[in-house]
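Working notes, beginning with the structure itself.
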Amino acid sequence: MTEHIDNDQISTNLRYRFEYLSKFLNFTSNDITLLNQFAVLLLPRIPVVADTVYRKLLSFDITKQFFLVRNDGFDGHMVKKGTSLTLESAQMTFRKDMLSKYLKRILTQQDWNDAFLHYLSQVGKMHTNQAGSTSINVDYIHINALLGYLEHLLVDVLWTIDSVNNQVKHDMIAAVNKLFWIQNDFFTMHYLRTWKGDEATTTKSPSVNKNKYCCL
């Protein structure tokens, strides 16, 4: 039997959109549990993951340029020359801290409620030119590459943990994969401007510090 999916609801209702994606990807509460379990294993390794991600981003001038512009919420010393920018520069420490908090949030979240879906949406929106003063305006090709690289790093970490049997590793990898495809959709809906909803009315989520959304 074919299930009807309302295209207007997909474009205006975050909960409805997420539930459709979940059905299509077979993303269930069991996947969330697996992500929570993976978080326990990953948390001590997050600083290394963050360093690796930003080392990659600094290795290309086209992505390095984004870190030479002051980020909304950053008030530390700003290195303005690419030749002087390193992983230890204040603005890079700021970005690594935001990525670390992002990873902790998405992996430890137990209840994927409306507030959390709003968070995932805002992560995507602020990297476009649609978030006002907090916009970073990063071309989508860099976001796509970053999400793919980040997922690859997490899978590598998981695969080298001897205390987890292969079946659980398989299930955790699948859960991580589904997570990033859902997050990727919450990026693309803003980049492609297919999202028409007013998130302020879609959810009664508490105010969130927008400076903590940035990944790139």
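Listed values, structure above:
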item: Qualifying residue in the stretch 62-75 (condition: among the aromatic types (Phe, Trp, Tyr) and open to solvent by 90 Å² or more (accessible area, probe 1.4 Å)); result: no
item: Test: residue in the stretch 119-131 that is open to solvent by 30 Å² or more (accessible area, probe 1.4 Å), assigned to a loop (DSSP other than H, G, I, E, B), within 30 Å of residue 15 (Cα to Cα) and in contact (Cβ under 8 Å) with a residue 24 or more places away in the chain; result: yes
item: In the stretch 76-89, the residues that are closer than 26 Å to residue 129 by Cβ, open to solvent by less than 40 Å² (accessible area, probe 1.4 Å) and of a type outside the set (Ser, Thr, Tyr); result: 76, 78, 79, 82, 85
item: Failed item in (1) under 27 Å from residue 160 (Cα atoms); (2) touching a His at 6+ places or on another chain (Cβ under 8 Å), with residue 29 passing the rest; result: (2)
item: Number of the exception - residue 9 against (1) assigned to a loop (DSSP other than H, G, I, E, B); (2) among the polar types (S, T, N, Q); (3) over 20 Å from the mean Cα position of the chain (by Cα); result: (1)
item: Enumeration of residues in the stretch 9-61 that are open to solvent by 70 Å² or more (accessible area, probe 1.4 Å), in contact (Cβ under 8 Å) with a residue 40 or more places away in the chain and either small (Gly, Ala, Ser) or within 22 Å of residue 141 (Cα to Cα) (or both); result: 56
item: Scan of the stretch 137-152 for residues that are touching a residue at least 60 places away in the same chain (Cβ under 8 Å) and either over 22 Å from residue 99 (Cα atoms) or buried (at least 18 other Cβ atoms within 10 Å of the Cβ) (or both), ordered by number; result: 138, 143, 146, 150
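The values are calculated or read from the model by the stated rules, or taken from the named source; none is laboratory data. The structure displayed is predicted, hence computed values, not measured ones. Heads up, the Cβs are rebuilt from the backbone with ideal geometry, glycines too, and the neighbour counts pull from every protein chain shown. Only protein heavy atoms, including side chains, enter the accessible area calculation; ligands, DNA and RNA are left aside. Shrake-Rupley method; radii C 1.70, N 1.55, O 1.52, S 1.80 Å.
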